[in-house]
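**Student:** Quick one: this structure, given as C-alpha cells, is what I'll be asking you about.
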Amino acid sequence: MAISYEDIVKVPKALLHDHLDGGLRPATIVELAADAGHELPTTDSEALGRWFAEAANSGSLERYLETFAHTVAVMQTGPALRRVARECALDLAADGVVYAEVRFAPEQHLEQNLTLDEVVDAVVTGFREGSALAAEAGTPIRVGTLLTAMRHAARSQEIAELAVRHRDTGVVGFDIAGAEAGFPPTRHLDAFEYLQRENFHFTIHAGEAFGLPSIWQAIQWCGADRLGHGVRIVDDITPGNPPVLGRLAAYVRDKRIPLELCPSSNVQTGAAASIADHPIGLLRDLRFRVTVNTDNRLMSGTSMSREMALLVDAFGYGWKELQWFTINAMKSAFIPFDERLKIIDEVIKPAYAKLIG
Ligand SMILES: [Zn+2]
C-alpha cells in the first residue's frame, strides 16, 4: 500500500538542517515587516509565499540567497526573533518532527543594535516557548540551536566562541554557510580548531554548489562532524555494477560522516536535476549515512513530511527506508549519546514498528 503524505505527518521525524530565516510563516513576515517599516514585494501573505517559492526556483545559489534579505530584515529585534523561533518549533512539531536542529547566523541580526548574546538568548527562548506549547498540544519536540557564521565574513571565531558560551542553554553546534565558490572553509580554520579544543560539534555547508575540494577541506582540514548537503560526493563515485568509490567518498562512508541532504533545495539550486535524479537514491543504496532535511521550508515551500513524500514517490521508499533516514538523523544529532538513544528507542522505533510490523 502506498504511503500517503498524511501518514508521513503522523510518524516521528528528525531534522538536522533547517534555517530559521528560511522557515518563517508568510503572514508573520507581513506583520513583522509592518512593525519594522520594511518594504516587501507584496503584503498579501499568500502572494508573498508564492513570491518566495518563485524567486527560489531560479536555479542559482546566489539568487536563492537573495530571498533572505526580506526574512532577515524582519528579524532584528528580540521580540521578532523570539516569535519566529517559537513559531518554527510549533510548525515543525505540527509536522511530526520530534527532534530538530535549527540554525541561524547571529551576525545577521545586529541592525537594531542587539548584541550577539541577546540575539542568541531571544532565539533560544523562542524555541523553549514553542516546544512547551507543542508539548501541551500533544506534539512534543526537542529543538537544538546551531549557530552559523557566514563564510564570506570574518566573524567565525567570534561566533564559535558565542556558540560555546551558550552550549548549556540550548546551542548544540556550529556551522558555516553562504556562497561556497571563492570562500573555502579553510578561511575559518582558527574557529574550527578552537571548537575542536572545546570538544564542541560542528557541521559545514560543503559540496552543494561546489564540488569535491570543498568536501575534502571541510573534513580533512577543518574536521567537520557532518556535511551540510555534501551531495557532490557523488562526483567521487564511478557508476557501474557495483559503483566504485574514490578515496574521499570511501572515507566519508567508512567514517559514517552524515550527509545532510535537502532534496527540494538541492534541485532548486541546481545541485541535482530533479528529485528522481537526486543522488540520494544512489547514496542510500551504497549505505552512506544519509539524512533527509528541509533546508529552507519557506523558499522551497516544503516540510519534513513533504520531503519524505517526494522521496516515496520518486524512489518507492516504504516505512523501513523512512525509519532508516530518521534513525540516521538521530544518530548524527549533536545532543549527547544517551539522549539520542532515548529518542530512538522510546519514540522513533515504537512508532515505526507498528507500521513495519
Ligand atoms: Zn543550508
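**Student:** With a 1.4 Å probe and all protein chains left in place, how much of the accessible area of the chain comes from carbon and sulfur atoms, in whole percent?
**Tutor:** Summing carbon and sulfur atoms, their accessible area is 51 percent of the total for the chain.
**Student:** What is the distance in Å between the Cα centroid of region 23-41 and that of region 68-117?
**Tutor:** Here the answer is 13 Å between Cα centres.
**Student:** Next up: Beyond a 21 Å Cα-Cα separation, which of these cross-linked pairs lie in this structure: 13/354; 255/331; 255/354; 10/342; 255/320? Write down the numbers at each step before the final one.
**Tutor:** On the way: 13/354 15 Å; 255/331 13 Å; 255/354 32 Å; 10/342 19 Å; 255/320 23 Å.
With Cα atoms farther than 21 Å apart: 255/354; 255/320.
**Student:** Can I ask one more? Would you mind working out the accessible area per residue for region 26-74, using a 1.4 Å probe, and quoting it in Å²?
**Tutor:** It amounts to 51 Å² per residue over region 26-74.
**Student:** Let me ask something else about it. Once the dipole of the chain is set up with Lys and Arg at +1 and Asp and Glu at -1 on Cβ about the Cα centre, which of 79, 317, 106 lies farthest towards its positive end?
**Tutor:** Farthest towards the positive end: 317.
**Student:** Something else now. Give me a comma-separated list of calculated 3J(HN,Hα) values for region 219-226, in order, Karplus coefficients 6.51, -1.76, 1.60 applied at θ = phi - 60°, integers in Hz, x for any Gly or Pro.
**Tutor:** Computed from phi, the couplings for region 219-226 are 8, 8, 9, 9, x, 4, 6, 9 Hz.
**Student:** Just to compare against my own numbers: the Cα pair-distance distribution for region 26-74, 5 Å bins, whole % per bin, please.
**Tutor:** With 5 Å bins starting at 0, P(r) equals 5, 23, 31, 24, 12, 4, 0.
**Student:** Please list, in order along region 168-179, the HN-Hα scalar couplings obtained from phi with the Karplus expression 6.51 cos²θ - 1.76 cosθ + 1.60 (θ = phi - 60°), rounded to whole Hz, x for Gly and Pro.
**Tutor:** 9, 10, x, 7, 10, x, 9, 8, 10, 9, x, 4
**Student:** Quick one: compute a quarter of the convex hull surface over the Cα atoms of the chain and quote it in nm².
**Tutor:** Computed as one quarter of the Cα hull surface, the answer is 16.9 nm².
**Student:** Using θ = phi - 60° and the Karplus relation 6.51 cos²θ - 1.76 cosθ + 1.60, list the HN-Hα couplings for region 68-76 in order, rounded to whole Hz, with x at every Gly or Pro.
**Tutor:** Each residue's phi maps through the Karplus curve to give 6, 4, 6, 5, 5, 4, 9, 10, 10 Hz.
**Student:** With a probe of 1.4 Å, find how much accessible area region 294-357 has per residue, and write the answer as a whole number in Å².
**Tutor:** 42 Å²
**Student:** Next up: Summarise the long-distance tail of P(r) for region 10-135 by giving the % of C-alpha pairs beyond 27 Å.
**Tutor:** For region 10-135, the fraction of Cα-Cα distances above 27 Å is 17 percent.
**Student:** Can you order the peptides 226-235, 196-205 by their average number of other Cβ atoms within 10 Å per residue, highest first? Write down the numbers at each step before the final one.
**Tutor:** Values: 226-235: 25.6, 196-205: 19.7.
With the highest mean Cβ count within 10 Å placed first, the list reads 226-235, 196-205.
The values are calculated or read from the model by the stated rules, or taken from the named source; none is laboratory data. Given the structure is predicted, the values throughout are model-derived calculations rather than measurements. As a convention, Cβ positions derive from the backbone with ideal geometry for all residues, glycine included, and neighbour counts pool all protein chains shown. SASA here: full protein model, heavy atoms, side chains in, ligands and nucleic acids out. Shrake-Rupley method; radii C 1.70, N 1.55, O 1.52, S 1.80 Å.
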